[in-house]
1. Tabulate in residue order the Karplus-calculated ³J(HN,Hα) for the stretch 175-185, using 6.51 cos²θ - 1.76 cosθ + 1.60 with θ = phi - 60°, rounded to whole Hz; enter x for Gly and Pro.
2. ³J(HN,Hα) across the stretch 150-155 via Karplus (A = 6.51, B = -1.76, C = 1.60, θ = phi - 60°), whole Hz, x for Gly/Pro?
3. Between Glu67 and Glu105, what length in nm is gained on full extension when 0.36 nm per residue of separation is reduced by their alpha carbon distance?
4. Output ³J(HN,Hα) for the stretch 125-139: one whole-Hz value per residue in order, computed from phi by the Karplus curve 6.51 cos²θ - 1.76 cosθ + 1.60 with θ = phi - 60°, and x for Gly and Pro.
5. Could you tell me the calculated FRET efficiency between Lys79 and Leu48, based on Cβ-Cβ distance and R0 = 35 angstrom, to the nearest 0.05?
6. Counting only the backbone N, which residues of the stretch 76-92 are under 16 Å from the spot 7 Å out from the Cα of Ile186 toward its beta-carbon?
7. Between Phe200 and Ser115, what is the spin-label point distance in nm, taking each point 7 Å from the Cα along the Cα→C-beta axis?
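Coordinate-derived values only; no laboratory data. Remember, predicted model here, so these are calculated numbers, not experimental data. Cβ atoms come from the backbone with ideal geometry, glycine included; neighbour counts cover every protein chain shown.
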Amino acid sequence: MNKKIIKFWAIFIFILVLTGCVQQSNYEKEIIPEKKPLHQSSPQKEQLLQAIENAREAEKKVFLEIEKEKLSDQILIVKVILKNPQKLAISSVRSFISFNKKVLEGIKIDFPQESFFELTAPGEKEFDQENGLVKIGVSVAGQPIKEEEIIVAKITFKRLSKDFIILEFFNPPLHTKVLGIFKGKIKNILGKVKVPAFIFNE
C-alpha cells in the first residue's frame, strides 16, 4: 500500500480518537456534578438539623410560668404555675428561681391547701437569701397527675427597693425540671422556659 495513503489514514484515526476524548471530557463536566466535601455545611443541612431540634422540643409540652398575684411598695406575691396542655402524666416538679437579693427578700413559700404534690424534697421549700434563690421541689405521693394547669406554689417577697424586679428559672434542666411519663418512660418533659420568667419596672 502507498505510504502516503497509510500516513493519511493514521492521521485521520488519530484525529477521531482525540475528538472523542475531548467530547467525553466535556460530557463528564456537564453531566457528572462536582462532588462537594462532606464536611462542608449548607443551608439545607442547617435547616434539617434545626427541624430535628424542633421535633425534639415539640415532644416537651409542659411549661412553668411565674404570674403576679400582688404587688405593692412593700410586697410582691407571685405564683409558680405548671401548664400541661397535653395532659401528660406528671410525678414531680423542681423549680429554683433566682432573684436580686438587693431588691427582694424571701419571706414565705406556700403550697395550695389541696395541692396535687403531697411530698416536699428535703431543703427544697426555702430561700437562699445569700445567693438570691428560691428552692422548690415537690412530688406526688401516689399516681402521676394529668391536670391541665396547677399552681405549684405561692412565693412572698419583701421589696427592699423600687429597682427592676427580675425573676428567672434557675439552671434548667438541673435545678428546674418537671419529671413525667412520656412514651412510657420517665423523663424531663419541661419545655423551654421564658427568659426572664418575670420582670417588673415601676
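1. So the Karplus estimates, Gly and Pro as x, are 9, 9, 6, 10, 8, x, 9, 9, 6, x, 10 Hz.
2. Values per residue, Gly and Pro as x: 9, 7, 6, 6, 10, 10 Hz.
3. Gain in length upon complete extension: 11.9 nm.
4. Here the 3J(HN,Hα) series is 8, 7, 9, 10, 5, 4, 9, x, 10, 9, 10, 10, x, 9, 8 Hz.
5. On the way: r = 40 Å, r/R0 = 1.14.
That pair, Lys79 with Leu48, gives E of 0.30.
6. 89-92
7. Computed distance between label sites Phe200 and Ser115 equals 2.2 nm.
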